[in-house]
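Right, one structure below, let's go through it.
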Amino acid sequence: MSEPVSTVITALISPTQERASAGLMGAGQRLSETVGAEHVVVACGPEDSESASGLAHGADRVLLVRSPALVRDRQEVWLQCLTRMGSELNPAAIVLGNDALSQEITPRLAHRLGGASIGDAQTLTAEEGHISITRSVYGGKAMAKVKLQGTPAVVWVRAPSMDPARGRATPGQIEEWDFATEPEMKIQLLETQMDAGEGDRLEDARIIVSGGRGLGGPEPFEKLKELAKVLKGQTAASRAACDLGWAPHSWQVGQTGKKVAPQLYLASGISGASQHIMGIADSKAIAAINTDPNAPIFKHCQFGLVEDFHQVIGPLQEKLAELLA
Amino acid sequence: MNILVCLKQILDPEVPARDFSLARSHLQADPTCADLVTNIFCENALETALQLRDRHGGRISILSLGPASVEDTLRKGLAMQADAAFMILNDTGHLPDSAATAKALAAAIGKLDRLDLILTGHESGDWGAGQTGGLLAEELGLPFIAFVDEIEETGPDRLILRQQNDSGWQKFSAPMPVVASITNSDHNLPRIPKIRDIILANRKPITSWSLGDLELSPDLFLPEHLLVRVTELTIPQAKGDCAFIEGATKEEKIGKLAEKIAAIARSI
Ligand SMILES: Cc1cc2nc3c(=O)[nH]c(=O)nc-3n(C[C@H](O)[C@H](O)[C@H](O)COP(=O)(O)OP(=O)(O)OC[C@H]3O[C@@H](n4cnc5c(N)ncnc54)[C@H](O)[C@@H]3O)c2cc1C
Ligand SMILES: Nc1ncnc2c1ncn2[C@@H]1O[C@H](COP(=O)(O)O)[C@@H](O)[C@H]1O
């Protein structure tokens, strides 16, 4: 009974970051147009009607999922819900964002639907009946084009750096989807803890000041926070700094951490390993403070200062407070 | 508790960009342009297992799929004090995708005694797919938690797993057996094996299976059979036109830096 494939599903299952949600919608919309498919957006709902109609401007259909179990086990509920939608709608692709939950369910969803899974797609295309993506590999030292030979292609994309959806003249239909099935709750959520700072908004930040192993300890990260406040920006860190416990892991930027795209990324005491650059390459401008003029980070910078961070941070903050007062 | 840790051998991800080159096929890196090492997240996973065993006792097995060289990765795992090592020899010359890898790992797991906890790394440092853990859980029909950085045993059949998420962490209680993929944290930095243990590890046995031994088709890894297939690989160029801030004094330089930053901040 398999019908010709004619749907692309965009799954907005963690609609926390504005920019990521917008980029994800755009990625799904453009892919659906290339494939010549209907664009179905799945989101948690029912939310306020305003945000639902916002989604409808980039979709043929919006499915708002209502499930009482969502608060207890988002992973299991979304997995089962999207598996059911996938088998009913027979999509060419299911596109997800780069939030932790989407990353976690991508391979499992693909496996349940007999499809192919991949993550961190930077571009998405359709050629010769297959979805293809490009992504950074070898820690950012190479770029691969990858063909997904299974259907559906279940792909999480680098959502915050993607262009938003084009507004449609006529909005799509909004439907509610009651998912009352109580999934088997094998795993129980015990406790949730938010990190200090505003790391959750890193991907939306316009200015990011970040620190690495070169800062030498946890105290300078307090100074970075103050500088971020002056610039109305956010703080971030390299993996080395997170592994040393100087900054929480939600601050980690890079291959394994967040992929950010601010107007300015200021890196202090960060050498610029390719895995770190992978997370910041979409920044409008990159600048660095580093004692080593040969540090690889400078190869990616618009401007840089060769100095000791500890001697720079105090006067820099004062000067900026003055300039931006 | 019986723990299995899946270890992948990869090209050293710390290879400087200037030494990195592609194989003639342009479908993978030149395997001789750097050393082969154990993927760091796999070592974070093994460290997590070792700490669990230090606290609660138990047995740790390690498993690796790859060419004959993965013996080095297994020997290092044994030197870090894993109890038993298993390898699936891939002498086909083809690189499997995560789905085919998960199938092979699951087949090998089927040969082992009942496991309580199966750990993978969050992602491999070469292709960075981050798919194998979840796929393996599905192959085995087990629950799965990703981005785990801490595990505690609570009683005979349950674990508490801490998951890093977008803005902090969450703790889950899971029944055993469970599959988890491990990410880096400040308390799972891999321990350095002692010289004596490295020497002893060389004498320990490693069980090796072929695909046939695991009743898997020799065609499992053929590119045309994969779900995910690399069709092109290129090396991007860094822009490299940094304007270094100059000045007679440190104060002057800091002033100029502040001006540049302020200009961007004002334009937002
Ligand atoms: C699979 C994999 C995934 C990874 N994922 C990530 C990731 O997501 N994010 C990430 O960041 N890394 C990641 N890494 C690690 C990465 O390879 C580097 O090891 C890491 O980024 C180095 O961090 P760093 O730049 O802070 O430290 P270092 O490389 O030690 O650099 C410190 C820098 O500080 C400078 N410095 C020293 N003192 C001062 C001073 N007083 N003032 C100013 N500068 C000073 C030094 O000159 C040096 O350039 C990953 C690695 C692997 C293998
Ligand atoms: N060939 C392999 N042998 C053993 N484990 C593997 C292999 N490939 C992947 N894994 C496991 O899966 C994790 C994630 O890999 P990947 O999905 O390739 O990013 C790794 O950290 C390993 O724990």
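Listing for the model above:
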| read-out | value |
| --- | --- |
| Exclusive hit being outside any strand (DSSP E or B) and touching a strand residue (DSSP E or B) at 6+ places or on another chain (Cβ under 8 Å), set B:S217, B:S185, B:S173, B:S208 | B:S185 |
| Residue among B:G125, B:G93 that alone is without any contact (Cβ under 8 Å) to a residue 60 or more places away in the chain and either buried (at least 24 other Cβ atoms within 10 Å of the Cβ) or within 15 Å of ligand 2 (Cβ to nearest atom) (or both) | B:G93 |
| Meets criteria (assigned to a strand (DSSP E or B), away from chain A (no Cβ under 14 Å) and under 24 Å from B:N188 (Cα atoms)) for B:I118 | yes |
| Residue among B:Q9, B:Q51, B:Q81 that is touching a Gly at 6+ places or on another chain (Cβ under 6 Å), in contact (Cβ under 8 Å) with a residue 24 or more places away in the chain and of a type in the set (S, T, N, Q) | B:Q9 |
| Boolean, A:A288 is closer than 30 Å to B:D126 by Cβ, within 9 Å of chain B (Cβ to nearest Cβ), within 9 Å of ligand 1 (Cβ to nearest atom) and part of a strand (DSSP E or B) | yes |
| Residue list for the range B:150-170, restricted to those being more than 7 Å from chain A (Cβ to nearest Cβ) and either small (G, A, S) or assigned to a loop (DSSP other than H, G, I, E, B) (or both) | B:T154, B:G155, B:P156, B:D157 |
| Where B:R229 falls short, out of the listed (1) within 23 Å of B:D91 (Cβ to Cβ); (2) more than 10 Å from chain A (Cβ to nearest Cβ); (3) crowded, with 17+ Cβ neighbours inside 10 Å | (2) |
| Yes/no for A:P160 being within 16 Å of ligand 1 (Cβ to nearest atom), open to solvent by less than 30 Å² (accessible area, probe 1.4 Å), within 12 Å of another protein chain (Cβ to nearest Cβ) and assigned to a helix (DSSP H, G or I) | yes |
| Residue among A:R213, A:R201, A:R206 that is over 30 Å from A:P68 (Cα atoms), open to solvent by 10 Å² or more (accessible area, probe 1.4 Å), within 11 Å of chain B (Cβ to nearest Cβ) and of a type outside the set (A, V, I, L, M, F, W, C) | A:R206 |
| Only one of A:V230, A:V306, A:V312, A:V260 that is open to solvent by 30 Å² or more (accessible area, probe 1.4 Å), closer than 26 Å to B:D241 by Cβ and not small (G, A, S) | A:V306 |
| Residues within the range B:17-27 that are more than 9 Å from chain A (Cβ to nearest Cβ), under 23 Å from A:S271 (Cβ atoms) and not in a helix (DSSP H, G or I), tallied | 1 |
| Subset of the range B:25-51 that is among the small types (G, A, S) and more than 9 Å from ligand 2 (Cβ to nearest atom) - its residue that is most open to solvent (accessible area, probe 1.4 Å) | B:S25 |
| Residues satisfying the stated conditions in the range A:96-121, i.e. within 7 Å of chain B (Cβ to nearest Cβ) and at pLDDT below 95 | A:D99, A:A100 |
| Number of the exception - B:F147 against (1) more than 7 Å from every other protein chain (Cβ to nearest Cβ); (2) in contact with an Asp or Glu (Cβ under 8 Å, 6 or more places away or on another chain) | (1) |
| Of all residues in the range A:211-230 being more than 9 Å from ligand 1 (Cβ to nearest atom) and under 23 Å from the mean Cα position of the chain (by Cα), the one that is nearest to A:A285 (Cα to Cα) | A:A228 |
| Matching residues, the range B:253-263, being charged (D, E, K, R) and open to solvent by less than 80 Å² (accessible area, probe 1.4 Å) | B:K253 |
| Single match in B:L117, B:L135 (criterion: within 12 Å of ligand 2 (Cβ to nearest atom), farther than 20 Å from A:H249 by Cβ and modelled with pLDDT of 95 or more) | B:L135 |
| Residues of the range B:28-72 classified as in a strand (DSSP E or B), of a type in the set (G, A, S) and away from chain A (no Cβ under 14 Å), total | 3 |
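The values are calculated or read from the model by the stated rules, or taken from the named source; none is laboratory data. Bear in mind that the values here come from a model prediction, so they are computed numbers and not experimental data. Note that we place each Cβ from the backbone using ideal geometry, even for glycine, and neighbour counts take in every protein chain shown. Accessible surface is based on the protein model in full, side chains and every heavy atom, while ligands, DNA and RNA are left aside. Shrake-Rupley method; radii C 1.70, N 1.55, O 1.52, S 1.80 Å.
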